[in-house]
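Chemist: Structure in structure tokens, see below.
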Amino acid sequence: MTETVKCFNSHPFRVLGASPRDSRERLIALRGEAALFGQAEAAETALSALLHPDSRLKAELGWFPMTEEGEIASLLRFAGQEKAAGPAPAFHTRSFLAVFNQARLCVSMLPLPGADAFSAALYSLSLCADTLLPDQVMWELNEDRKASGFPLLASVEELDAALSDLLNQTASDLLRRGLPSLRGLEARRLSQRLLQEYRNVKSPRHNSFLLRLTADALATQE
């Protein structure tokens, strides 16, 4: 089980069995229910994360807004398998962020035996990440916040910083998995390829943030 899968399994919404649309009162009630099953400490930590503004935003960005709970549960069951059997469950969601997090989770399960697999994984995530415009993501999170009663997000700048952290962490997780399989010349060639892709970005379908971070990190390995 990869670190990314473990991160989703220990996510505050997952621990409490909660939805981004649950009210403060509902979250507190779920904390109490979890405590009855011997998960008091984990539930308290999860509740605290979802009630504090900064950590709640981080949790929301790492989850699946505007998505049915049954579809989320199916995806997490799929991710928990020792060996994936068939394609990942499809999402029927209006949320670009949910699609990105689905891709992030599924890519984390793929073997990365060399430069080609690593590059393909990075590129697929880049395509999804390119849709994560701050205004769009803020709208998605606020749709859930309207239902939960939590204060609506108003600062695109604050959201943009948190979103950049998520993309940075995504690239870092890929590097930790992909770099050990790359050797010398192969790593250098991949670095040069990614740097060239970054310089030649013409279409918004190429996400320069992930490509640049990974290319720069690979370059430091030379």
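Chemist: For the stretch 34-50, indicate whether the set of residues that are acidic (Asp, Glu), over 25 Å from residue 91 (Cα atoms) and either surrounded by 14 or more Cβ atoms within 10 Å (Cβ to Cβ) or without any contact (Cβ under 8 Å) to a residue 12 or more places away in the chain (or both) is non-empty. Before you say what the answer is, go through the steps one by one.
Modeler: Of all residues in the stretch 34-50, those acidic (Asp, Glu) come to 41, 44.
From what's left, over 25 Å from residue 91 (Cα atoms): 41, 44.
Among the residues that remain, those that are also either surrounded by 14 or more Cβ atoms within 10 Å (Cβ to Cβ) or without any contact (Cβ under 8 Å) to a residue 12 or more places away in the chain (or both) are: 41, 44.
Checked the stretch 34-50: at least one residue is acidic (Asp, Glu), over 25 Å from residue 91 (Cα atoms) and either surrounded by 14 or more Cβ atoms within 10 Å (Cβ to Cβ) or without any contact (Cβ under 8 Å) to a residue 12 or more places away in the chain (or both).
Chemist: Here is a list of conditions, (1) of a type outside the set (Lys, Arg); (2) surrounded by fewer than 19 Cβ atoms within 10 Å (Cβ to Cβ); (3) in contact (Cβ under 8 Å) with a residue 40 or more places away in the chain; (4) not in a helix (DSSP H, G or I), and residue 150 meets all of them except one; can you say which number that is?
Modeler: So the condition that residue 150 fails would be (2).
Chemist: Then there is this: Which residue is modelled with the highest pLDDT, if the candidates are limited to the stretch 76-106 and must be more than 16 Å from residue 125 (Cβ to Cβ) and assigned to a helix (DSSP H, G or I)?
Modeler: 76
Chemist: Quick check, is residue 156 closer than 30 Å to residue 216 by Cβ and either surrounded by fewer than 20 Cβ atoms within 10 Å (Cβ to Cβ) or touching a strand residue (DSSP E or B) at 6+ places or on another chain (Cβ under 7 Å) (or both)?
Modeler: Spelling it out, residue 156 is indeed closer than 30 Å to residue 216 by Cβ and either surrounded by fewer than 20 Cβ atoms within 10 Å (Cβ to Cβ) or touching a strand residue (DSSP E or B) at 6+ places or on another chain (Cβ under 7 Å) (or both).
Chemist: Something else: Among the helices (runs of 4 or more DSSP H) confined wholly to the stretch 1-61, which include 1 or more residues that are over 17 Å from the mean Cα position of the chain (by Cα) and of a type in the set (A, V, I, L, M)?
Modeler: Where helices (runs of 4 or more DSSP H) fall fully within the stretch 1-61 and carry at least 1 residues being over 17 Å from the mean Cα position of the chain (by Cα) and of a type in the set (A, V, I, L, M), they are 12-16, 24-36, 40-51.
Chemist: Counting only residues that are in contact with an Asp or Glu (Cβ under 9 Å, 6 or more places away or on another chain) and at pLDDT 95 or above, which one in the stretch 30-53 is farthest from residue 149 (Cα to Cα)?
Modeler: Looking at residues that are in contact with an Asp or Glu (Cβ under 9 Å, 6 or more places away or on another chain) and at pLDDT 95 or above, I get 43.
Chemist: Which one is nearest to residue 52 (Cα to Cα), of the residues in the stretch 107-136 that are part of a helix (DSSP H, G or I) and under 13 Å from the mean Cα position of the chain (by Cα)?
Modeler: Ranking the candidates gives 129 first.
Chemist: If you check every pair at least six apart or on different chains, which have Cβ atoms under 8 Å apart with a residue in the stretch 160-187 that is surrounded by 14 or more Cβ atoms within 10 Å (Cβ to Cβ) first and a residue that is of a type in the set (Asp, Glu) second?
Modeler: 173/3; 187/222
Chemist: Which of (1) within 18 Å of the chain's Cα centre (by Cα); (2) surrounded by fewer than 21 Cβ atoms within 10 Å (Cβ to Cβ); (3) closer than 30 Å to residue 180 by Cα is the odd one out, the single condition residue 91 does not satisfy?
Modeler: Residue 91 satisfies every listed condition except (3).
Chemist: In the stretch 178-207, which residue that is polar (S, T, N, Q) and modelled with pLDDT under 70 is nearest to the chain's Cα centre (by Cα)? Can you show your working first?
Modeler: At the first step, the residues of the stretch 178-207 found to be polar (S, T, N, Q) are 181, 191-192, 196, 200, 203, 207.
Retained after the next criterion (residues that are modelled with pLDDT under 70): 200, 203, 207.
Details: 200: 26, 203: 23, 207: 15 Å.
Here the residue is 207.
Chemist: Check whether at least one residue in the stretch 64-81 is closer than 28 Å to residue 48 by Cβ, among the hydroxyl-bearing types (Ser, Thr, Tyr) and in contact (Cβ under 8 Å) with a residue 60 or more places away in the chain, and report yes or no.
Modeler: So far as the stretch 64-81 goes, no, none of its residues is closer than 28 Å to residue 48 by Cβ, among the hydroxyl-bearing types (Ser, Thr, Tyr) and in contact (Cβ under 8 Å) with a residue 60 or more places away in the chain.
The values are calculated or read from the model by the stated rules, or taken from the named source; none is laboratory data. None of the values given here were measured: they were computed from a predicted structure. Note: ideal-geometry Cβ built from the backbone for every residue, glycine included; neighbour counts use all protein chains shown.
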